[in-house]
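Beneath this line is the structure, given in C-alpha cells, with notes to follow.
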Amino acid sequence: MAFDKLELNEIEVWDGNYAAAQALRQAQVDVVSAYPITPSTAIVEGYAKFKSDNLVEGEFVMVESEHAAMSGCIGAAAAGGRVATATASQGLALMAETLYQASGMRLPIVLNIVNRALAAPLNVNCDHSDMYMVRDSGWIQFDAFSPQEAYDLNLIAFRVSEDHEVRLPAIVNQDGFLTSHTAQGVHTLSDDAAFNFVGEYKPMNDMLDFEHPVTHGVQTEEDWHFEHKARQHADTMNIVPGKIDEVFAEFEKLTGRKYNQVEKYNMDDADVAVVCMGTSVETAREVAGEMREKGIKAGVVGLRVVRPFPFMEIAETLKDVKAVAALDRSAPGGAAGMLFNEIAGSLFNTDSKMLLSGYIYGLGGRDLTKKHLVDLYTELQANADAGKLLTKQQQFIGVRGPKLAFL
Amino acid sequence: MSEMKKIKNLKEFSTSADRFEGANLLCPGCAHSIIVREVLNATNDDLVLAASTGCLEVCTAVYPYTSWDASWIHIGFENGSTAVAGAEAMYKALKTKGRLKQPDRNPKFIAFGGDGASYDIGFQWISGCMERNHDMMYVVLDNEVYANTGGQRSSSTPIGASATTTPAGKISYGETRNKKDMMGIMAAHNIPYAAQVAPNKWKDMVKKIQHGMNTEGAVFINAVSPCTTEWKFDPKDTMHLTDLATDSLVFPLYEIIDGHELNITYRPKNVVPVEEYLAAQGRFRHLFKDEYKYLIKEWQERVDKNWEYLNRREEARV
C-alpha cells in the first residue's frame, strides 16, 4: 500500500516541532528511531501520527533511551537509507557518546535538537547548554530562529548531510518552547516539491548491499586514528561550507527564502553589533532598528551555521565594527562563552580593532527583553566611544543578586 | 523463511560458509572464533552483523584489515544489539518501499557481545531489542569476565572466581555473587526463542542457531566461551574445558520457546563432578585450600538444584 500525500495550504500555522515533523514526513525518512523528551517530543509524536495515518512509509522505532535512539539511527544509516530523530538536553547528554560514533563513521543522519538547559538544577526551558555540549562532536549544526526555519533547515540538512562528498550527520537546533511551541505562519512546500528538493536517498557503503560487504566502525590506534580524524575535520572545514552555500542557493531558487551561514542585519555600516543565536536574533533585530532611530549604528549577526563555524565570514562581517557583544546562552563553567571564543578566534590575527565582550544570558528559559538589549547596545556604544572596554569582559544579563562580572 | 542449510558432517560444516577469517588477533585457544564460525556457518543466507566493543571486535576489525566477509558494524560497548535492530528496521523500510538493491535476498541480523557487553553495560539495550521483538538474534560470547580489558568481574562471573576487581586474597575467595540468570531474564521478555549453547556440542548449537534464524522475532543465545587467558588453562584445552562445563551441568544446554516451554537439549551420559570443572581452571585454584572447600560443596549443590529446576520446568511444560 502506497502512502498518502497531504494537501498543505500555502501557509500553515505550525509550531517549530510540528514544522520539523512535517519536514521529516515530506523527506519520507526511511527510519526514525526515537525516545521522547521535553520539549522535542512533539516531533516524534507528529511523525508517529503521520505513520498511523499512512502518511509515511518508513519504519518508526520507539526505543528505550536516547542512547539507543541514536544507536538505532547509526545501524539504520549504515544499512543504507534516510534516517532522522529528535532530542533535547538530558537526552542529548545521554546520546552524546553515539554522536561521535555517527560522525566518525561518516553516516548521514538528521537530528533535531530542541535546545534546553542541562540539569542540575532540573529545568525544561530553553538555553543552549545542550548544543554547546556536543559542539565538537563532528556534526554539521544549523540553527533555526523560527518555526519556518526549523522546517526549511530540516529539508536543507538532509541534502547537505547525504551528499556523497559530505557524508556527515547534521543537527538542526531550535529554541525549546520559544520556537518549538510557538505557532506561526509557515510557508510550505508541496509534498512533491519538498521530496524532489531532498531527493531520493543514494546509498553508499550500505550494509544491505550483499554483493559488497562492508565493515563499519573499525578500530584504529595511533597508526591510523589521526589520519581519519584529520581527514574528517579537513572535509568539514573545506567541503561542507561550499556545499551548504550550494544547497542554500538551490533552496532560494525553489522558495525565494534566502539563507546565509551568517545572517547579517544592518551590518553594512554598523559601529556596534550583537552576535547571537536562536530566537534572540529576532529580538535583537527589532532593538537594533530602534537604536538606529536614536542614532546608534546597531547591527545584528545571527549564527545560522554553528558547525563548521564560519570563521572567514564572521571575520569579514565584524572587521570594521567598533564594539561587539557575543551573547552566549550557556554558562561555560570557567571559561569565556563559545561564541565569544569563536569570534575572538576569527578576528585574532586580523587588523580589526574590535572591542569584544561576552554576555551570558537567558539560562533555563530566562527572558531576554528588549530593555536588556537597549542597555546592551548603549553599553557597546559607550565602549566604542571610549575606545576601550569600560566594563568587565564577561557579564551576565538579567540575573538577580550581586552584579556578576569577570575577567 | 528460507530453507535451512543441510549439514552432513563437522568437516564439511567447518568450512562451508567462510565469512569469518582465521586471520584475526584472538588469543590461541579462544572459543570466540569457534562459536562465531559455528553461528555463521549455520546458514548460507546473507548476514548483517554487529559486534559490541570487546575481544571479538578489537581482534577482527583493526583498520585497514577486517576478518569479516559479511556486512558488519561496531558502534560501542553497549549498543551492538540496537545497531542490528536499526539495520533490521532499515531492511523492513526499504523492503516496503521496494528499494532493496537485492530484493530476493533473505538476510539474517545477528549481534555478538561478550558477557560484559550483554549482562552489564548493554543490558538495557538488549532488553529493549527483545521487548520490541526485532527480527534479530543476539549472541552472548559468555566467558564470564571482562577479558578485553584484562580480567575484571562481570555479573556473569561465577562465585569463587578470582577476577582482577574481585581478586582472591588473604581474606577473600574472589567473586562473592552468583552468576546472573540471563537466560531466565531474557525468556521473561516472552521472546520466541532463547537458548544456551556450547561450541563443543556443535550439532546442538547448529540446530538451535538454525531454529533461531528461522524464527520471526527476537532470539537470544547464550554461548559458553572458555577464555584461556582469564580462566587460566592451556590453549589446547578449550574443548576439554567446554566439555567439562556442559558435562558437569555448570553450563546446561537447553532452550526456552515463547518464554515458557523449556527443553533440555543435552543430557550428559556421565555427569562430571563440578570439582573437576573448577580444578581445571586457575581462576578457581584458591578454592581448593582447606578454608574454602565448603564453597566447592556449595557449588555442587547449586548446580544440582539448578538442574533439578530445569528438569521440573521441562516436565511441567509451562
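Numbers for the structure displayed
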quantity	calculated
Radius of gyration and Dmax over the Cα atoms of segment A:262-406, both given in Å	13.8, 39
Among A:72, A:387, A:138, residue whose mean-square fluctuation peaks in a GNM of chain A (springs only between Cα atoms under 10 Å)	A:387
Buried area at the B-A interface (accessible, heavy atoms, 1.4 Å probe, summed, Å²)	3700 Å²
FRET efficiency, 1/(1 + (r/R0)^6) with R0 35 Å, evaluated for residue A:164 and residue A:10 via beta carbons	0.55
Accessible surface, chain B, averaged per residue in Å² (probe 1.4 Å)	41 Å²
Taking all pairs of distinct alpha-carbon atoms in chain A, Kirkwood radius in angstrom	21.7 Å
With Cα atoms, 0 to 90° folded angle of helix A:240-255 axis to chain A main axis	80 degrees
Net charge contributed by nearby residues that have their C-beta within less than 9 Å of residue A:118 (K/R +1, D/E -1)	-1
Accessible area per residue, Å², chain A with all protein chains present, probe 1.4 Å	39 Å²
Calculated P(r) of segment B:45-116 - Cα pairs past 13 Å, %	66 percent
Residue B:197 long-range amide H proximity, modeled H, under 5 Å	B:222, B:223, B:224
Förster radius 35 Å - calculated FRET efficiency between residue B:263 and residue B:240 (Cβ-Cβ, nearest 0.05)	0.85
Charge dipole (debye, nearest 20) of segment A:262-406; +1 at Cβ of Lys and Arg, -1 at Cβ of Asp and Glu	480 debye
Whole-Å distance, taken between Cα centres, linking segment B:36-83 and segment A:386-407	55 Å
Residue-level accessible surface for residue B:96, protein heavy atoms, 1.4 Å, Å²	80 Å²
Sum of side-chain charges, residue B:206 neighbourhood, beta-carbon under 10 Å (Lys, Arg +1; Asp, Glu -1)	+3
Most mobile listed residue (A:315, A:69, A:23) in chain A, GNM with C-alpha springs under 10 Å	A:315
Rounded percent of accessible protein surface that carbon and sulfur make up, chain B, 1.4 Å probe	52 percent
Backbone HN-Hα couplings from phi across segment B:184-189 [Karplus 6.51/-1.76/1.60, Hz, Gly and Pro as x]	x, 5, 5, 4, 5, 6
P(r) histogram, all alpha-carbon pairs of segment B:223-277 included - 5 Å bins from 0, percent	4, 19, 24, 21, 14, 10, 5, 2
In degrees, nearest ten, helix A:280-293 long axis to first principal axis of chain A (Cα)	30 degrees
Members of segment A:68-98 that become less accessible by 10 Å² or more once partner protein chains are added (1.4 angstrom probe, chain alone as reference)	A:68, A:71, A:72, A:74, A:75, A:76, A:79, A:80, A:97
Backbone N under 12 Å from the residue B:101 label point (7 Å along Cα→Cβ), restricted to segment A:213-231	A:213-215
Unit Cα scatterers, Debye sum, segment B:129-219: log10 I(q)/I(0) for q = 0.13, 0.16, 0.25, 0.26 Å⁻¹	-0.56, -0.76, -1.15, -1.19
Length gained when the stretch residue A:190-residue A:2 is fully extended (0.36 nm per residue, less Cα-Cα span)	65.9 nm
Kirkwood Rh, angstrom, segment A:130-215 [1 / mean 1/r, Cα pairs]	15.0 Å
Segment B:240-277-segment A:22-84 distance, computed between alpha-carbon centres (Å)	43 Å
Segment A:2-104, Cα convex hull volume normalised per residue, Å³	99 Å³
Candidates B:241, B:295, B:94, ranked by Gaussian network fluctuation over chain B, Cα under 10 Å, top entry	B:94
Peptide-level mean, for B:94-103, of C-beta atoms on other protein chains within 10 Å	5
Residues losing 10 Å² or more accessible surface upon assembly, segment B:105-126, compared with the chain by itself, 1.4 Å	B:105, B:107, B:124, B:125
Residues along segment B:47-67 losing 10 Å² or more of accessible surface when the other protein chains are present rather than the chain by itself (probe 1.4 Å)	B:48, B:57, B:58, B:61, B:62, B:63, B:64, B:66
Reduced Cα scattering model of chain B, Debye log10 I(q)/I(0), q = 0.11 Å⁻¹	-0.66
Translational diffusion of the protein assembly as shown, µm² s⁻¹ [Kirkwood Rh, Cα pairs; Stokes-Einstein; 10 °C; 1.306 mPa s]	57 µm²/s
Magnitude of the charge dipole, segment B:82-163, Cβ model with Lys/Arg +1 and Asp/Glu -1, debye to 20	640 debye
Rounded to the nearest 20 debye, dipole of the protein assembly as shown from Cβ charges on Lys, Arg, Asp, Glu	1180 debye
FRET E, pair residue A:382, residue A:349, Förster distance 30 Å, beta-carbon r, rounded to 0.05	0.65
Cα-based helix-to-principal-axis angle, A:147-162 vs chain A, degrees rounded to 10	60 degrees
Inverse of mean 1/r across different Cα pairs in segment A:50-195, Kirkwood, Å	15.7 Å
Positive-pole candidate from A:91, A:41, A:79, dipole of segment A:3-114, charges at beta carbon	A:79
Accessible-area value, residue A:187, 1.4 Å probe, nucleic acids and ligands omitted, Å²	80 Å²
Estimated inter-spin distance, residue A:374 and residue B:178, nm [label 7 Å along Cα→Cβ]	7.4 nm
Label zone at residue B:232, where the point sits 7 Å out along the Cα-to-Cβ direction: segment B:112-151 residues whose backbone N lies under 14 Å	B:151
Among A:171, A:334, B:82 the positive-end extreme of the charge dipole of the protein assembly as shown (Cβ point charges)	A:334
Charge tally in the Cβ shell below 11 Å around residue A:18, where Lys, Arg are +1 and Asp, Glu are -1, residue A:18 excluded	-1
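The values are calculated or read from the model by the stated rules, or taken from the named source; none is laboratory data. This structure is a prediction, so every number in the text was calculated from the model and none was measured. Here the Cβ is made from the backbone with ideal geometry for all residues, glycine too, and neighbour counts use every protein chain on show. Areas reflect the complete protein model, heavy atoms only, side chains present, ligands, DNA and RNA absent. Shrake-Rupley method; radii C 1.70, N 1.55, O 1.52, S 1.80 Å.
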